[in-house]
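Following: one structure in structure tokens, then a few remarks.
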């Protein structure tokens, strides 16, 4: 990134973090992504070349380091102390965005990949029944490639599937993408989405009863609009 030609620490920080995708990549690292394919799921529109470039730059700037995975079979990207210190800044940006610019969401901002990846990493597996739990999400208006998604929870782990895993779903969600995104962000209540007919949920009585315990909304869902 071209220098601002200023010694101001704010200017220097902007030079380090102001390039396209950089802060979103830091967001993914803060949310627990450590591998290349995980970054691609959280940032589906970034090109492989750009992703590699941004990871390399973050390493050069001392914000990210490569470590061996727990099984020692692969290498993972982790934030350094300098990178971890960005957490309140990134979360603060999210809070500001939820308060002041969330209402400016266009159809182009509705990413089903990001929605499903976000939901996958916030499901509370500890509140699910024992054994395997299969959740099926179907979205009206999307093609076959993106219209159906599955979350498969078992043994405290949860996987996101774009292909039918071959198990009968324990709970099914049917909605249009905008309604599900609005629900996730806290812009519409569950009862409102269901009563309007825009969201239909069917499943086991146990999962329906304990829904508020295992389904966690966006961390910014409780932030009220600054224009209200």
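Only the coordinates and a few stated rules stand behind these numbers; no lab work does. Owing to the predicted nature of the structure, the values given are computational and were not obtained by experimental measurement. As a convention, Cβ positions derive from the backbone with ideal geometry for all residues, glycine included, and neighbour counts pool all protein chains shown.
Quick one: what do you get for the range 9-85 if you divide its Cα Rg by 2.2 N^0.38 Å?
1.07
If the range 43-98 were replaced by its equivalent ellipsoid, with semi-axes equal to the square roots of 5 times the Cα gyration tensor eigenvalues, what would those be, largest first, whole Å? Spell out each step's value before the answer.
On the way: eigenvalues 103, 52, 29 Å².
Equivalent ellipsoid semi-axes, largest first: 23, 16, 12 Å.
How much length, in nm to one decimal, is gained on full extension between residue 89 and residue 216, taken as 0.36 nm per residue of separation minus their Cα-Cα distance? All intermediate terms of the calculation are to be shown ahead of the outcome.
Working: separation 127, 0.36 × 127 = 45.72 nm, distance 2.27 nm.
Length gained between residue 89 and residue 216: 43.5 nm.
Once you place label points 7 Å from the Cα toward the Cβ at residue 172 and residue 82, how far apart are they in nm?
It works out to 5.2 nm between the two label points.
Over the chain, what relative contact order in percent results from Cα pairs under 8 Å that are six or more residues apart?
17 percent
Rg and Dmax of the range 62-124 over Cα atoms: what are they, in angstrom?
Looking at the range 62-124, its Cα Rg and Dmax stand at 16.0, 44 Å.
Over all distinct alpha-carbon pairs, what is the Kirkwood Rh of the chain in angstrom?
Evaluated over the chain, this radius sits at 19.5 Å.
Pick from 215, 39, 167 the residue whose mean-square fluctuation is largest in a GNM of the chain, springs joining Cα atoms under 10 Å.
167
Say each of residue 35 and residue 224 gets a label point 7 Å from the Cα, pointing the same way as Cα to Cβ; how far apart are those two points in nm?
Simple spin-label model gives 4.3 nm for this pair.
Between residue 72 and residue 52, what is the label-to-label distance in nm when each label sits 7 Å out along the Cα-to-Cβ direction?
2.8 nm
How high is the relative contact order of the range 9-85, given as a whole-number percent (alpha carbon pairs under 8 Å, six or more residues apart)? Mind dumping the intermediate values first?
On the way: 58 pairs, mean separation 21.1, N = 77.
The value is 27 percent.
When the chain is fully extended, how far beyond the present Cα-Cα distance does residue 99 get from residue 157, taking 0.36 nm per residue of separation? Intermediate results must be reported in sequence, preceding the final value.
Values: separation 58, 0.36 × 58 = 20.88 nm, distance 3.24 nm.
In short, 17.6 nm is gained.
So for the range 104-214, what are the equivalent ellipsoid semi-axes in whole Å, largest first, each being the square root of 5 times an eigenvalue of the Cα gyration tensor?
22, 16, 13
Between residue 143 and residue 209, what's the calculated FRET efficiency when r is the beta-carbon distance and R0 is 25 Å? Round to 0.05.
Step by step, r from the Cβ atoms, then E = 0.15.
Roughly how tilted is helix 112-122, in degrees to the nearest 10 and between 0 and 90, from the longest Cα axis of the chain?
Taking Cα atoms only, the helix is inclined about 90 degrees.
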